[in-house]
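Worksheet: one structure, shown below.
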Amino acid sequence: MTQHTDVVVVGGGQAGLAAGYHLRRQGLDFAILDAGPAPGGSWQHMWDSLHLFSPAEHSSLPGRLMPAQPGETYPGAGHVVDYLTDYEKRYDLPVEHGTRVDAVHRDAGRLLVEADTGAWRAKAVISATGTWSRPFLPAVQGRNVFTGRQLHTVNYRSPDDFAGQRVIVVGGGNSGAQIAADLALDGRGEVTWVTQRPPRFLPDDIDGRALFDVATARRRALEAGRSDTGGVASLGDIVAVMPVRAARDAGLLTAKPMFTRLTAGGVQWTDGSQSGADAIVWCTGFRPALAHLAALDLRGPRGHIPTDGTRALGEPRLHLLGYGD
């Protein structure tokens, strides 16, 4: 049986919950459909040592401040899961966990949302599915011949899984730096960090508080028609959180240029030399999880669905939330 509602929110992570908060305040009838079996979104699956870039008070959803984590300036992923779980309950948000949305179709002036547990007809759909479920793996030569273990950021948990192994961490962003630091500080394996360009660390005194200020200033400048301030990317790529800073200052976090190809037993460098490896950790980013929107034919001339912030795309209204910077 098809259910009817004003708005369907696809995804129950932080973006979906924040949308639900505002929908509740507007008095609208809505449902939040989340594929995960429990609250917490992708934060349930992060690696063990991950902490936020910002103190708790700068990491809150609307209406409810994130409480501080005792003994921690920057809360860990588990604390975020607890906060999101509490947020969902506090505002009695109608989240249906374990519900995977397969497709969204236009249907007689409405949007028909088809899920593995049923269907919904809605006046509007908010897609807040994020990117965690679509890890990107680059087409590197030899990736199919390497006989060691290959995994993406989404599969990494802790150094315990790599004790005594030779690990190559690929990626010059925050995930690559943090995972390389995690393994290097553990010291039970041999870690090589590789990046396409020399890593750019933000100044040590820059954390999420400053990044939010920079991003806000950039957005306001653009909205007012003033020149682009450069945004967060103008400061650097990697936030020097404590583990990254410690590994860097100890000389354990020096990046090598990207290898040219994978071999059966490791990698080949640009000078032709080779190094053995037991595992490759690809910290190479994500793509938006938008396959459920394929039937709406939203792709532009270059094959991309526009995902710049929150955007209304035609009637009935579809909003893409949480894919911008």
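Residues in region 82-189 average 46 Å² of solvent-accessible surface per residue, probe 1.4 Å, ligands and nucleic acids excluded.
Tally Lys and Arg at +1 and Asp and Glu at -1 over the other residues with C-beta under 14 Å from the C-beta of residue 52: what net charge comes out?
Summing Lys and Arg as +1 and Asp and Glu as -1 gives -3.
Only protein atoms count toward the accessible area here, which uses a 1.4 Å probe; on region 1-156, the carbon and sulfur part of that area reaches 49 percent. For region 130-189, the square roots a ≥ b ≥ c of the C-alpha gyration tensor eigenvalues yield an a/c of 1.5 or more together with a/b not exceeding b/c, which makes the shape oblate. Between 272, 12, 164, the residue with the greatest mean-square fluctuation in the GNM of the chain (Cα pairs under 10 Å linked by springs) is 272. Projecting the Cα atoms of 73, 83, 117 onto the dipole axis of region 38-155, where Lys and Arg carry +1 and Asp and Glu carry -1 at the beta carbon, places 117 farthest toward the positive end. For the residues 122, 289, 264, a GNM of the chain with alpha-carbon springs under 10 Å puts the largest fluctuation on 264. Going by a ≥ b ≥ c, the root eigenvalues of the Cα gyration tensor, does region 184-229 fall in the rounded group (a/c under 1.5), the prolate group (a/b larger than b/c) or the oblate group? Taking the square roots of the gyration eigenvalues as a ≥ b ≥ c, region 184-229 is prolate. Note on residue 226 and residue 147: their simple-model spin labels are 6.1 nm apart, each label 7 Å out from Cα toward Cβ. According to the square roots a ≥ b ≥ c of the eigenvalues of the Cα gyration tensor, what is the shape class of region 43-110, taking rounded for a/c under 1.5, prolate for a/b larger than b/c otherwise, and oblate for the remainder? Verdict is prolate for region 43-110.
With coordinates expressed along the principal axes, the C-alpha atoms belonging to the chain extend over 62, 43, 42 Å, beginning with the largest. Taking other residues whose beta carbon is less than 15 angstrom from the beta carbon of residue 139, and scoring Lys, Arg as +1 and Asp, Glu as -1, yields +3.
The values are calculated or read from the model by the stated rules, or taken from the named source; none is laboratory data. If you're wondering where the values come from, they're calculated on a predicted model, not measured in any experiment. Here Cβ is always computed from backbone atoms with ideal geometry, including for glycine, and neighbour counts include all displayed protein chains. The protein model used for the area step is the full one, side chains on, heavy atoms only, and it has no ligands, DNA or RNA in it. Shrake-Rupley method; radii C 1.70, N 1.55, O 1.52, S 1.80 Å.
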